[in-house]
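Data first, discussion second: the structure below is written as structure tokens.
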Amino acid sequence: MLSMFRGAARQPRNFLLAAGAALLVAVAPAAVAQEFKLAMSSPPTSLDPHFYNLFPNLNVSDHMFETLVKMDADSHVIAGLAESWSLVNNLTWEFKLRKGVKFHDGSEFTAEDVIWSLDRPATIVNSPAKFDQFTKAIINKKVVDPYTVRLTTKEPYPLMLADLTSVYMVSKKATQGLASDDFASGKGMVGTGPYKFTKYLRDDRIEMDRFDGYWGKYPGKWSKVTLRFIPNGATRLAALLAGDVQALENVPTPDVARVRNDASLTMVSKVSHRLIYLYVDGLRDKSPFVTDKDGKPLDKNPLKDVRVRRAISMAINRDAIRDRVMEGLSQPTNNLVPVTLFGHNPELKVVKYDPEAAKKLMAEAGYANGFGITIHTPNNRYVNDEKITQTIAQMLSRIGIAAKVEGLPMSIYSARGIKQEFSLGLLGWGAQTGESSSTLRAIAACDDPAKGFGVANWTRFCNPKMDAVLSRAVNTVDDKDRLKLLQDATAITVNDYGIVPIHQQVTTWAMKKNVTYIPRTDERTHAYEFSQK
């Protein structure tokens with residue numbers, strides 16, 4: 001029997017026994033409140049579930065759209081719209097769909113919609129991070145019958161299930177001919193999820209009604225759900241305290257102690273799979289935001305020198321960021337995924353804070369007097385994103401790098417970043433497939449659209465040696481061998497300093513005392529998973 005992918009290094013799972021997989025469902029309690037209002041920390045940039053692989057977009061899509069297989073709270077794969085699956089041979093996967101699943105317009109979900117949904121991501125234009133990285137391995141899709149689909153890959157592909165947790169199923173009938181911008185008006189918002197679209201006010205809120213024809217069950221059977229987008233942490237908490245919402249995600253770090261000590265509230269937290277890191281423009285001969293100390297452009301890009309990139313990493317005091325900026329809600333790292341996920345490399349220790357050694361590296365590289373740089377960052381996306389960047393800028397000044405910070409809303413930041421407009425910036429990436437290959441493929445691999453590599457590699461930084469190891473890993477079926485390859489690829493990546501890991505983010509949720517929520521490794525905040533005591 002083939003040895004299949006494991007979502008966590010310490011918990012093997014055999015996906016071929018999927019018919020018995022646990023469902024993401026639970027029996028609903030007898031009585032719950034009818035309306036639920038939830039404060040989200042970031043607004044979506046698009047409602048098209050295939051447009052942009054960005055976390056706030058996924059958070060919203062999860063309420064209305066579903067995938068063939070899903071992740072549980074610990075990022076383990078479980079059944080979704082596919083009730084079972086098997087390997088016909090080394091290259092062909094067969095999925096059995098649930099019968100009786102309805103779209104929000106009452107039409108039936110069938111194999112034709114699956115094929116359409118797997119084809120559509122490749123057709124999306126102007127996406128800052130495309131979903132086709134999760135479908136590139138599939139070279140043939142076949143409808144066996146209305147409830148059976150076969151997917152064929154060119155080579156053995158153990159990541160099939162992990163990848164399919166990220167591809168939403170949409171209605172072919174409802175989405176044919178639509179542009180991504182059409183979804184904001186409600187067109188195409190026809191999924192199989194527990195809630196159906198009713199109203200959207202950009203950057204403010206989205207309103208949904210319970211879909212009474214939903215095939216599954218969840219603890220919270222709210223008749224109406226409103227997701228309010230409140231990026232400012234203090235305002236988000238004020239809404240909870242005032243009763244304007246019943247729960248929120250991302251408790252403001254300065255208020256963590258206050259929330260924990262408030263008898264009217266409950267707070268839960270979990271180390272997430274989200275890596276907060278710096279991306280570094282170490283490829284181009286000239287970089288747009290690198291200057292001398294007087295602000296004049298440099299003819300030579302110092303970031304091309306690995307000694308400079310390493311010095312930047314050594315100049316960052318990750319423990320101080322954890323203690324003083326994050327109020328303890330981060331785990332300093334030199335990895336791409338936390339220890340609980342497949343691909344973590346235990347040999348990669350957190351880079352020691354050593355500004356004196358960093359200054360020596362700068363001098364060896366010919367920059368004893370330093371240089372100037374602008375660090376770009378989102379200011380409404382990750383926990384304390386701009387504060388972290390400001391702190392890093394101060395730390396870099398100690399090794400002669402005069403750093404300025406420019407914070408931008410995520411919608412503007414991402415649109416510019418994908419065009420390679422920045423030299424150095426802060427970003428976050430979640431290993432949404434539950435293992436490190438998704439992170440490596442997206443943010444570290446050389447730009448290769450044919451493979452779906454480099455979709456969120458904003459500097460196009462490229463190490464061919466790492467790509468060769470990664471390419472072997474994604475086609476290696478044996479768990480032990482694939483784990484070693486992923487760990488090696490991670491080591492090559494972080495030791496080349498094309499990206500500079502800072503920490504794994506700890507995600508928090510707060511809610512009224514009579515409301516409960518199970519925290520998730522993937523940071524997802526699902527209104528339908530909140531329940532009333």
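Structure data summary
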{"item": "The chain - charge dipole about Cα centre, Lys and Arg +1 at Cβ, Asp and Glu -1, debye rounded to 20", "result": "420 debye"}
{"item": "Dipole of the chain [Lys/Arg +1, Asp/Glu -1 at C-beta], most positive-end residue of Met71, Gln390, Gln420", "result": "Gln390"}
{"item": "Of Trp509, Ile492, Asn475, farthest towards positive along the dipole that unit charges on Lys, Arg, Asp, Glu beta carbons give the stretch 475-523", "result": "Trp509"}
{"item": "Reachable aspartates and glutamates, given that their alpha-carbon falls under 18 Å from the alpha-carbon of Lys217 and they are not under 8 places away in the same chain", "result": "Glu35, Asp62, Glu66, Asp72, Glu83, Asp209, Glu529"}
{"item": "Student exercise, the stretch 159-312 dipole from Lys, Arg, Asp, Glu Cβ charges, in Debye to nearest 20", "result": "300 debye"}
{"item": "Taking the chain and dividing mean pair separation by its residue count, relative contact order in percent (alpha carbons under 8 Å, at least six apart)", "result": "21 percent"}
{"item": "For Trp215, residues with placed amide H under 5 Å, excluding near neighbours", "result": "Lys102"}
{"item": "Between the stretch 496-533 and the stretch 61-85, the Cα center-to-center distance that results, in Å", "result": "17 Å"}
{"item": "Links that overshoot a 23 Å alpha carbon limit, given the list Lys173/Lys199; Lys404/Lys465; Lys349/Lys484", "result": "Lys404/Lys465"}
{"item": "Under 14 Å from the Cα of Lys451 - aspartates and glutamates, other chains or at least 8 residues apart", "result": "Asp132, Glu155, Asp163, Asp467"}
{"item": "Per residue accessible area in Å² of the stretch 49-198, where ligands, DNA and RNA are left out and the probe is 1.4 Å", "result": "33 Å²"}
{"item": "Range of Cα positions in the stretch 119-179 per principal axis (Å), largest first", "result": "33, 29, 18"}
{"item": "Loop-located chymotrypsin sites (Phe, Trp or Tyr not before Pro) in the stretch 298-392 whose Cβ has at most 10 other Cβ within 10 Å (DSSP)", "result": "none"}
{"item": "Beta bridge orientation in the chain: antiparallel %, DSSP, nearest 5", "result": "75 percent"}
{"item": "Whole-percent carbon and sulfur share, accessible surface of the chain, 1.4 Å", "result": "50 percent"}
{"item": "Average accessible surface area per residue within the stretch 389-515, 1.4 Å rolling probe, Å²", "result": "30 Å²"}
{"item": "Approximate spin-label separation Asn232-Lys296, in nm, with each point projected 7 Å along Cα-to-Cβ", "result": "4.3 nm"}
{"item": "The stretch 370-475: antiparallel DSSP beta bridges as a percent of all, rounded to 5", "result": "10 percent"}
{"item": "Under the Karplus curve 6.51 cos²θ - 1.76 cosθ + 1.60, θ = phi - 60°, whole-Hz ³J(HN,Hα) for the stretch 99-104, x wherever Gly or Pro sits", "result": "8, x, 6, 10, 6, 5"}
{"item": "Whole-Å distance, taken between Cα centres, linking the stretch 119-179 and the stretch 197-240", "result": "27 Å"}
{"item": "Net charge dipole size for the stretch 101-199 [Lys, Arg +1 and Asp, Glu -1 on Cβ; Debye, nearest 20]", "result": "40 debye"}
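The values are calculated or read from the model by the stated rules, or taken from the named source; none is laboratory data. Keep in mind the model is a prediction, meaning the values are calculated, not measured. All Cβ positions, glycine included, derive from the backbone under ideal geometry; neighbour counts span all protein chains shown. With ligands, DNA and RNA removed, areas are computed over all heavy atoms of the protein, side chains included. Shrake-Rupley method; radii C 1.70, N 1.55, O 1.52, S 1.80 Å.
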